[in-house]
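K.L.:
A single structure is presented below for examination.
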Amino acid sequence: MEIITSVTTMQRWSREVHRQGQTVAFVPTMGYLHEGHLALIRAAQTAGDKVVVSLFVNPTQFGPQEDFAHYPRDRARDEALCRDADVAACFIPATEEMYAPDHQIYMEEPAAARLLEGAHRPGHFRGVLTVVAKLFGAVQPDVAVFGEKDAQQLWLVEKLVADLNFPVRIMAHPTVREPDGLAMSSRNKYLQPAQRERATCLYRALQVAAQKVAAGETRAAVVLESMQPVLATVPEARIDYVALVDPGTFRPLEQEVSTPCRAVLAVRIGSTRLIDTMLLSAGNET
Ligand code: PAF
């Protein structure tokens, strides 16, 4: 497995793969890999000839009060996991490689990026869209795999690619869950054992919403209210948002829901902020 730290070497590597008539499948990550990332890597292996994984904790997507400095990092373990997973190249740029001192151009967020996650993390998607564009420029992938857990991010990356004509196919991968339903996330590591148990409230609340919609409920308020008692069972849970959105536009649905619609929520358990999502369908939909 190649370890690549410079943008120009990454571009050269990718050009060589393409010159040989092969394709590059890309899994962008912030490292601290878990089974969810490994599932993205396996999906990438079905979609392209050579898989590149980036390990880069992107400073521009963290707010000043967020956990950038403390975000979990374990480069040696990440490299070993990538090697075991038959990754062709790991792209591990230093911060100064990605953001030179005179770096000045940033993506402008669309309105949909200022809702939900964006409303609670101002500037987050400006940083995400900027780094994804930069990573695409460095890795030059044919296909890139993103997890559905970060549903708003996935929607925005699809929009980025469509609106700015990036020649990259975006492949969405279903959320990978622990056996008890908790969505896998590098931030789960922050949870104390008792909090870890209670953190399943996000998944359980989504399941209740899914049952309501499957049974024919179309009033958004009723679906959203049905999730509250589940979240209320965890006294330390503080809800940032719970919403139903149109999967096509990511606009919140406040009245009648047409299906499928997407439920999204962000909840703090103690000081750990977790997000989750589920696509909700009426009973007769697949
Ligand atoms: O989802 C993530 O891990 C990050 O937001 C991403 C896409 C790697 C950009 O830093």
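K.L.:
In the set GLY248, GLY216, GLY270, which member is farther than 30 Å from PRO110 by Cβ and either within 19 Å of the chain's Cα centre (by Cα) or open to solvent by less than 30 Å² (accessible area, probe 1.4 Å) (or both)? It would help to see each step written out before you state the result.
P.N.:
Values: GLY248 fails: farther than 30 Å from PRO110 by Cβ; GLY216 fails: either within 19 Å of the chain's Cα centre (by Cα) or open to solvent by less than 30 Å² (accessible area, probe 1.4 Å) (or both).
Result: GLY270 is the single residue among GLY248, GLY216, GLY270 that is farther than 30 Å from PRO110 by Cβ and either within 19 Å of the chain's Cα centre (by Cα) or open to solvent by less than 30 Å² (accessible area, probe 1.4 Å) (or both).
K.L.:
Might you check whether a residue that is open to solvent by 50 Å² or more (accessible area, probe 1.4 Å) and acidic (Asp, Glu) occurs anywhere in the range 190-209?
P.N.:
Checking the range 190-209: at least one residue is open to solvent by 50 Å² or more (accessible area, probe 1.4 Å) and acidic (Asp, Glu).
K.L.:
Let me ask another. What number of residues within the range 26-58 are part of a loop (DSSP other than H, G, I, E, B), farther than 20 Å from TYR99 by Cβ and among the small types (Gly, Ala, Ser)?
P.N.:
1
K.L.:
Six or more apart or on different chains, Cβ under 6 Å: which pairs go from a residue in the range 119-135 that's within 11 Å of the ligand (Cβ to nearest atom) to one that's open to solvent by 20 Å² or more (accessible area, probe 1.4 Å) and assigned to a loop (DSSP other than H, G, I, E, B)? Could you list them?
P.N.:
Qualifying pairs under 6 Å: PHE125/GLU109; LEU129/MET107; THR130/TYR106; THR130/MET107.
K.L.:
Cβ contacts < 8 Å: first residue in contact (Cβ under 8 Å) with a residue 60 or more places away in the chain and within 16 Å of PRO28 (Cβ to Cβ), restricted to the range 91-108; second residue in a loop (DSSP other than H, G, I, E, B) and not β-branched (Val, Ile, Thr), any location; separation 6+ or different chain. Result?
P.N.:
Pairs that qualify, where the first residue is in contact (Cβ under 8 Å) with a residue 60 or more places away in the chain and within 16 Å of PRO28 (Cβ to Cβ) and the partner is in a loop (DSSP other than H, G, I, E, B) and not β-branched (Val, Ile, Thr), are PHE91/PHE56; ILE92/PHE56; PRO93/SER6; PRO93/PHE56; GLU97/SER6; MET98/PHE56; MET98/ASN58.
K.L.:
Cβ-Cβ under 9 Å, sequence separation 6+ or interchain: first residue in the range 241-258 and without any contact (Cβ under 8 Å) to a residue 12 or more places away in the chain, partner open to solvent by less than 50 Å² (accessible area, probe 1.4 Å). Which pairs?
P.N.:
GLY248/TRP155
K.L.:
Has the range 231-238 got at least one residue that is open to solvent by 30 Å² or more (accessible area, probe 1.4 Å), over 20 Å from LEU115 (Cα atoms) and modelled with pLDDT of 95 or more?
P.N.:
yes
K.L.:
Give the residues of the range 171-182 that are within 14 Å of the ligand (Cβ to nearest atom) and in a strand (DSSP E or B), sorted by residue number.
P.N.:
MET171, ALA172, HIS173
K.L.:
Which one is farthest from the ligand (Cβ to nearest atom) among residues in the range 154-170 that are open to solvent by 40 Å² or more (accessible area, probe 1.4 Å) and in contact (Cβ under 8 Å) with a residue 12 or more places away in the chain?
P.N.:
Filtering the range 154-170 down to residues open to solvent by 40 Å² or more (accessible area, probe 1.4 Å) leaves 158-159, 162-167, 169.
Checking the rest, the ones that are also in contact (Cβ under 8 Å) with a residue 12 or more places away in the chain come to 158-159, 164, 166-167, 169.
Details: GLU158: 13, LYS159: 14, LEU164: 16, PHE166: 14, PRO167: 18, ARG169: 16 Å.
Ranking the candidates gives PRO167 first.
K.L.:
I'd like the residue in the range 27-46 that is more than 23 Å from THR5 (Cβ to Cβ) and surrounded by 19 or more Cβ atoms within 10 Å (Cβ to Cβ) and, out of all such residues, is farthest from the ligand (Cβ to nearest atom).
P.N.:
The extreme case among them is ALA43.
The values are calculated or read from the model by the stated rules, or taken from the named source; none is laboratory data. All values reported here derive from a predicted model rather than from experimental measurement. Every residue, glycine as well, gets a Cβ built from its backbone with ideal geometry; the counts of neighbours run over all protein chains shown. These area figures cover heavy atoms from the full protein model, side chains too; ligands, DNA and RNA do not enter into them. Shrake-Rupley method; radii C 1.70, N 1.55, O 1.52, S 1.80 Å.
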